[in-house]
Amino acid sequence: MVIQRLTTFITTLSNFIDAIAKKIAIFLIGVLVVLVLVTVFFRYVLGIGIGWSDEVARYVNIWVALLGASIAFKCGEHVGVEFFRNLLPEKAAKIMRFVTNIAMLALLGLSEYYCYLYVSRSRAVTPSLQIPYKWIQMSLFVGLAIMTIHLLSFLMADINHMVSGTFFTPPDIKEDVE
């Protein structure tokens, strides 16, 4: 019962954060498109270069990439070990997925720790805008944190299925009736 409630909470949190990440990524992509178009217009039509625009575009692009990576992770769109998993029987593939997720959780946790240390010690500022690099470096920390929450959601769902005895039960296949 506790595991089921915890699974529901983490899954709801994962879905909520994913929805926010999608909205922020879409907004940042819009900012990036407008910024690049304005920069091109100013540079090639008016002959005036905007010195800070390249810097802002680069940093916005970094945030979009890492938010996009967390969104892709939630959807299962990252490159995985599908080749090896497809060679295994279904039960072994589920066990392999679970063990792989545990290993990924350890790796993400370690990455988060070192990322935190790196960001907390950063004192440099960007060349044009004099923005602390911490704001750009935080994109990695945030992206990894979101992926960790998604991974916890996957693991809790698997643990919930193990406890309930449905881990090795094949999913229901619904046939179209016409």
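Of note:
- Total formal charge among the other residues, if their Cβ is under 15 angstrom from that of H150, Lys/Arg +1 and Asp/Glu -1: -1
- Relative protection proxy for 98-109, 54-65, from highest mean packing down: 54-65, 98-109 (other beta-carbon atoms within 10 angstrom).
- The phi-based Karplus calculation (6.51 cos²θ - 1.76 cosθ + 1.60; θ = phi - 60°) puts the 3J(HN,Hα) values of the stretch 140-146 at 5, 4, 5, x, 5, 5, 5 Hz, whole numbers, x for Gly and Pro.
- Restricting attention to the stretch 2-164, the count of lysine pairs at 8 or more positions apart or across chains with alpha carbons under 29 Å apart stands at 8.
- Degrees separating the helix 90-121 axis from the principal Cα axis of the chain, which is the longest one: 30 degrees
- Check: the chain dipole with +1 on Lys, Arg Cβ and -1 on Asp, Glu Cβ, in debye: 660 debye
- Residues whose placed amide H lies under 5 Å from that of V125, excluding near-sequence neighbours: Y133
- A crude spin-label estimate for the pair F27 and V99, with each label 7 Å from Cα along the Cβ direction, gives 4.3 nm.
- Of the two radii for the chain, the radius of gyration is 1.10 times the Kirkwood radius, both from the alpha carbons; that is the Rg over Rh value.
- Where only DSSP H runs of four or more residues are counted, the chain gives -26000 deg cm²/dmol as its mean residue ellipticity at 222 nm, each run worth -39500 (n - 2.57).
Just so you know, all these numbers are worked out from the coordinates, no wet-lab data involved. Values in this document were obtained by computation on a predicted structure and should not be read as measured data. With ideal geometry, Cβ positions are generated from the backbone for all residues, glycine too; neighbour counts draw on all protein chains shown.
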